[in-house]
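A short worksheet on the structure shown next.
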Amino acid sequence: MNDVRSKVQKKGRSTKAVDTSDCDFEPSKANSSKKKSVDRRVLSSDEDNSPNKIGNDFWAEVFLEAEEKWISVDLRKGKIHCIQQLFRGATQPVRYIVAWDDAGALKDVTRRYAPQWMTVTRRQRVDENWWRETIAPYAPCPSLREKEEDEDLDRQLHDKPLPTTVSEYKNHPLYALRRHLLKFEAIYPPDALPMGFVRGEPVYSRSCVVDLHTRETWIKEAKLVRRNEEPYKIVKARPKWDKVSQTVINDLPLPLFGHWQVEDYIPPPAVDGKVPRNEYGNVELYKPCMLPAGTVHLQVPQLARVARKLGIDCAPAVVGWEFSGGGSHPVLDGFIVCEEFKETLLNAWDKEMDESAKRSKEKLEAKVYGNWKRLIKGLLIRERLKTKYNFGVPVTEKKKKPKPSTSTS
């Protein structure tokens, strides 16, 4: 039985349905003896609403086991190996080419057909993460054939010649120019060999583009910049408000470092029951490995008050940062104490919480009884005033006078 997968084109938000069940194709004599294993239909998608001429948006792909790859088949013209002709004949511009098989599995094969996949086509599509999540439930089952197809598509992209214009290199997934690097990006190693040149400017592989971070950012990743390391790149920092001079300081240098300039952060251990802290009196615990030796992280509220009563050292744990009100603020979660005081603190904290709950209950009961007492007193006072001063009688009844009696002689 032949395995086929097919492709279809979507124009705007509508999809043209074409019945391909009656389409017949007779392969050429050169390929008639080769065994065909999988057929799948293909759909090319265009979301442009411009009045373009409708093209051939459906064709088939056939997997030949002898060649161990998929070949394109134009059922209308009876041609095979016609990728470029099929792409040019589809409704333009083509942004999505989706293949599906008889089992209902979908696969995005746009990069096989789009000659400008690396530059124009990728920029015209929706967010790639959203697209992957959308078609993930319909993806084919992992297999050696699917893996080899993906590797072949990647190899074809790498074998394509370098772009010829500078604009095509911006956000290119394989190549990069120095002029297009972001603020916290750099080329590493510094003596990396260019893959070519465009207008005299060297073209580097995207794998040579690395992310740089400040010392503070590396600490958040449990990394520490080595001593005597020179910044790999220096940029301008954000404007900073100086509390002393009450002015905004601009153009401050911001040194950046790469992953080859850092080492694992080893926190200092606790000594004599004292928790090691930073200059702000906190413990930076961005990663579990940053917990000082000989300490534990207790994520219970109001522990500092209990530790203060017992005279035990206790430091807040900073687990992150949040940005609000035009500035950054530390996110505190729990406290760091020495291991030998863990049980003592937890037992004291349990007692403190029980007493606190008891006090809260007594306070609530006192408030409830007090409110009832005031309500009853108010009602009694109202009744006494009503009895003594005729309080609460409607005004119409107060003004109402008895009618004089009439006598007849």
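Which distance in Å, rounded to a whole number, links the C-alpha centroids of the stretch 258-326 and the stretch 133-187?
42
Leaving out ligands and nucleic acids, and using a 1.4 Å probe, what accessible area per residue does the stretch 280-369 come to in Å²?
The answer is 63 Å² per residue.
Residues of the stretch 171-262: accessible area per residue at 1.4 Å, in Å²?
66
Taking K and R as +1 and D and E as -1, what net charge do the other residues with C-beta under 15 Å from the C-beta of residue 214 add up to?
Summing Lys and Arg as +1 and Asp and Glu as -1 gives +2.
Measure off, as a whole percent, the carbon and sulfur share of the 1.4 Å-probe accessible area of the stretch 175-271, all protein chains present.
55
Hey, what's the stretch 46-150 come to in accessible area per residue, 1.4 Å probe, Å²?
56
At a Cα cut-off below 14 Å, give the aspartates and glutamates reachable from residue 351, other chains included and same-chain residues fewer than 8 away excluded.
343
Please list, ordered by chain and number, the residues whose modelled amide H lies under 5 Å from the amide H of residue 56; skip anything fewer than 5 residues away on the same chain.
Amide H to amide H, under 5 Å and 5 or more residues apart or across chains, residue 56 pairs with 90, 91.
Go through the stretch 271-288 residue by residue and turn each phi into a ³J(HN,Hα) via Karplus (6.51, -1.76, 1.60, θ = phi - 60°); whole Hz please, and just put x for glycine and proline.
10, 6, x, 10, 7, x, 10, 8, 5, 9, x, 10, 10, 7, 10, 6, 10, x
Work out the count of Lys pairs in the stretch 43-170 where the Cα-Cα distance is under 30 Å, with the pair 8 or more places apart or on different chains.
20
Rounded to whole Hz and in sequence order, give me ³J(HN,Hα) for the stretch 327-337 from the Karplus expression 6.51 cos²θ - 1.76 cosθ + 1.60, θ = phi - 60°, writing x for Gly and Pro.
So the Karplus estimates, Gly and Pro as x, are x, 9, 9, x, 9, 9, 9, x, 9, 10, 9 Hz.
Between their Cα atoms, which of 233/287; 274/358; 287/342; 220/243 are more than 29 Å away from each other?
274/358
Under a point spin-label approximation (7 Å from Cα along Cα-to-Cβ), what is the residue 278-residue 143 distance to one decimal in nm?
Label-label distance for residue 278 and residue 143, simple model: 5.3 nm.
At 1.4 Å probe size, with the rest of the protein present, what percent of the exposed accessible area of the stretch 279-381 is carbon and sulfur atoms?
Ligands and nucleic acids excluded, carbon and sulfur reach 57 percent.
Accessible area of the stretch 48-156 with a 1.4 Å probe: how many percent of it is carbon plus sulfur?
Here it works out to 51 percent.
The values are calculated or read from the model by the stated rules, or taken from the named source; none is laboratory data. Keep in mind it's a predicted model, so treat the numbers as computed, not measured. Counting neighbours? That spans all protein chains shown, and the Cβs are built from the backbone with ideal geometry, glycine included. What goes into the accessible areas is simple: the full protein's heavy atoms, side chains included, and nothing from ligands, DNA or RNA. Shrake-Rupley method; radii C 1.70, N 1.55, O 1.52, S 1.80 Å.
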